[in-house]
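Quick notes on the structure that follows.
The values are calculated or read from the model by the stated rules, or taken from the named source; none is laboratory data. No experiment lies behind these values; they were computed from the predicted model shown. Cβ atoms come from the backbone with ideal geometry, glycine included; neighbour counts cover every protein chain shown. Only protein heavy atoms, including side chains, enter the accessible area calculation; ligands, DNA and RNA are left aside. Shrake-Rupley method; radii C 1.70, N 1.55, O 1.52, S 1.80 Å.
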Amino acid sequence: MSSSPSSGARVARVYTAARRHPWVLGKLGDWVIWFGPYTPAQLVVMGGGALLLIKTYAWWSWLGPVPIVGWLVSIWAVRGATIGGRSPFTAALGWLSLLAQHPAGRIRGRAARDKRPVPLNGRFVIEPAPMLATATGATVARAEGKRSVRRPSRRTRRRAAAPAAVRPAPVSGLDRLLSEATNHTTASTAKR
């Protein structure tokens, strides 16, 4: 191997000439089409424009050669027409396939569909929640096993003077057990 820096670099080239040059029509049998070759878009504009000009001759005949020149310019203008890098026909085919797709899309190649609705047969019971009063600061301190009780501040006295707030009912089994344990501890401390 040589020690030059350029010899170590590898160069890869891809020739996609078939993709760069669109399908064209330049010969019919042994006959060469004038001013050809033509792309499919040009052939459509050529045929559609000729049919339109023939059917509407009475409307544009007073304009002279202007519509025919416009038709020829439009044929020339669509020679390299692309929509998003694709020819107009493949773009139109893509739009049609998009419109034909199922609105929910596809999953593993099949149209995604919602499952049929199934009736849900179930019952539930709503019971009234038990009313539990909140404990004051002194009761909580006794429940926690603290022997000393601090003198309540003015704020605490005002809160204690207000009616006791209602605690929400326990939701889960664990909440119920904890609230029963708190009530049991509070009751046993109050008896002492």
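Taking only the stretch 121-135 into account, find how many residues are open to solvent by less than 70 Å² (accessible area, probe 1.4 Å) and at pLDDT below 65.
The number of residues fulfilling the criteria is 2.
List the residue pairs whose Cβ atoms are under 6 Å apart, where the first residue sits in the stretch 64-85 and is more than 18 Å from Gly48 (Cα to Cα), the second is modelled with pLDDT under 90 and open to solvent by less than 70 Å² (accessible area, probe 1.4 Å), and the two are 6 or more positions apart or on different chains.
Final answer for the pair search is Ile83/Ala91.
So Val166 ticks every box in (1) among the aliphatic types (A, V, I, L, M); (2) open to solvent by 70 Å² or more (accessible area, probe 1.4 Å); (3) at pLDDT 80 or above but one. Which box is left unticked?
(3)
Scan the stretch 62-108 for residues that are within 26 Å of the chain's Cα centre (by Cα) and polar (S, T, N, Q) and jot them down.
Once the filter is applied, which keeps residues that are within 26 Å of the chain's Cα centre (by Cα) and polar (S, T, N, Q), the stretch 62-108 yields Thr90, Ser97, Gln101.
Taking the options Gly64, Gly26, name whichever one is over 30 Å from Ala181 (Cβ atoms), in contact with a strand residue (DSSP E or B) (Cβ under 9 Å, 6 or more places away or on another chain) and open to solvent by less than 90 Å² (accessible area, probe 1.4 Å). Please lay out each step first, then the result.
Numbers: Gly64 fails: in contact with a strand residue (DSSP E or B) (Cβ under 9 Å, 6 or more places away or on another chain).
Residue meeting the stated conditions: Gly26.
Of the residues that sit in the stretch 45-60 and are aliphatic (A, V, I, L, M) and free of Cβ contacts under 8 Å to residues at least 12 places away in the same chain, which one is surrounded by the most Cβ atoms within 10 Å (Cβ to Cβ)?
Leu52
Scan the stretch 71-106 residue by residue and report those that are surrounded by 12 or more Cβ atoms within 10 Å (Cβ to Cβ), over 16 Å from Pro37 (Cβ atoms) and among the charged types (D, E, K, R).
Scanning the stretch 71-106 gives a single hit, Arg86.
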